[in-house]
Amino acid sequence: MIYNENIVNRLKIVKREIFNAAKASKVKLKDINLVAVSKTVDPNYICEAAKSGQIAFGENKVQEAMQKWPNIKELYPKTRLHMIGPLQSNKVKDAVKIFDVIETLDREKIALELKKNKKEHQLFPDLYVQINIGEEKQKNGCKPTDAKCFINDCKDYGLDIKGVMAIPPLNEEPAPYFALLTNIAKECNLKNISMGMSKDFEKAIYLGATSVRIGSKIFGERV
């Protein structure tokens, strides 16, 4: 990981870019949630961002989050942790303990595990359904054509679905995929749309994103 600039200054730059994108898209800044992707980032750097007022962070792995975040949350109790990596069924029990938002609910097996664990927790993470928006074999997520049915099934299991999440195919124009995800969210009456990362978040905001996941522009490139 390369930290060649001050994290607080990087955050300010990103927030200014989000402000400009929101203004150009004629949406309210308060309706855009910045998730600072902190996977593999040292807790000291995460704390630097949290101290400056950053609230939402994203982690890819349950085990890493369990190691890093109990101490961080004790220091900064207002922080909210998003699960943005693939979730395995045997990790659900731990995930619901540490994450405030799980963005990667993508199949029935995970839904059933969440249902089972929901009974044991008064406070339960917000849940987003991950859509494999480009129908790529190597990516997790339910097919766009199956999304509405799967979301309804999750609701039947007693799960309160708050939004949708997707990652467009690499090296393709993301706009059509962002538009498709927004349409799915509207069809399913979901307000939260998590899409857009460091290289394309302005387009994502223009096309309906309410949450953008930005890592390298804040914490530097992973090496």
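The values are calculated or read from the model by the stated rules, or taken from the named source; none is laboratory data. Note that this is a predicted model, so its numbers are computed, not measured. Cβ atoms come from the backbone with ideal geometry, glycine included; neighbour counts cover every protein chain shown.
Please tell me if residue 158 is at positive phi and either assigned to a strand (DSSP E or B) or buried (at least 19 other Cβ atoms within 10 Å of the Cβ) (or both).
Working: at positive phi: yes; either assigned to a strand (DSSP E or B) or buried (at least 19 other Cβ atoms within 10 Å of the Cβ) (or both): no.
Taking the combined requirement at face value, the residue does not satisfy it.
Please determine, by comparing only the residues of the stretch 123-143 that are hydrophobic (A, V, I, L, M, F, W, C) and assigned to a loop (DSSP other than H, G, I, E, B), which one is farthest from residue 192 (Cα to Cα). Write out each step before concluding.
Looking only at the stretch 123-143, we keep the residues that are hydrophobic (A, V, I, L, M, F, W, C), and these are 123-124, 127, 129, 131, 133, 142.
Pick out the ones that are also assigned to a loop (DSSP other than H, G, I, E, B) and you get 123-124, 133.
Working: 123: 19, 124: 17, 133: 16 Å.
Among them, the one singled out is 123.
Here's the yes/no breakdown for (1) closer than 15 Å to residue 102 by Cβ; (2) aliphatic (A, V, I, L, M); (3) modelled with pLDDT of 95 or more:
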site	(1), (2), (3)
126	yes, no, yes
132	no, no, yes
170	no, yes, no
182	no, no, yes
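Please determine, by comparing only the residues of the stretch 23-71 that are of a type in the set (Val, Ile, Thr) and outside any loop (DSSP other than H, G, I, E, B), which one is farthest from residue 215 (Cα to Cα).
The qualifying residue farthest from residue 215 (Cα to Cα) is 62.
One residue is enough: does the stretch 122-134 have a residue meeting the conditions out of contact with any Pro (no Cβ under 8 Å at 6 or more places or on another chain) and farther than 23 Å from residue 32 by Cα? Break it down stepwise before answering.
Taking the stretch 122-134 as the starting set, the residues that turn out to be out of contact with any Pro (no Cβ under 8 Å at 6 or more places or on another chain) are 122-130.
Going one step further and asking which of them are farther than 23 Å from residue 32 by Cα, we end up with 122-123.
Yes, that holds for at least one residue.
It is to be established whether one or more residues within the stretch 46-61 are of a type in the set (Phe, Trp, Tyr) and surrounded by fewer than 19 Cβ atoms within 10 Å (Cβ to Cβ). Show your work before the answer.
Residues of the stretch 46-61 of a type in the set (Phe, Trp, Tyr): 57.
Narrowing further to those that are surrounded by fewer than 19 Cβ atoms within 10 Å (Cβ to Cβ): none.
No, the conditions are met nowhere in the stretch 46-61.
Residue 89 versus (1) surrounded by fewer than 16 Cβ atoms within 10 Å (Cβ to Cβ); (2) of a type in the set (Ser, Thr, Tyr); (3) under 30 Å from residue 30 (Cβ atoms): which is the lone unmet condition?
The one condition residue 89 does not meet is (3).
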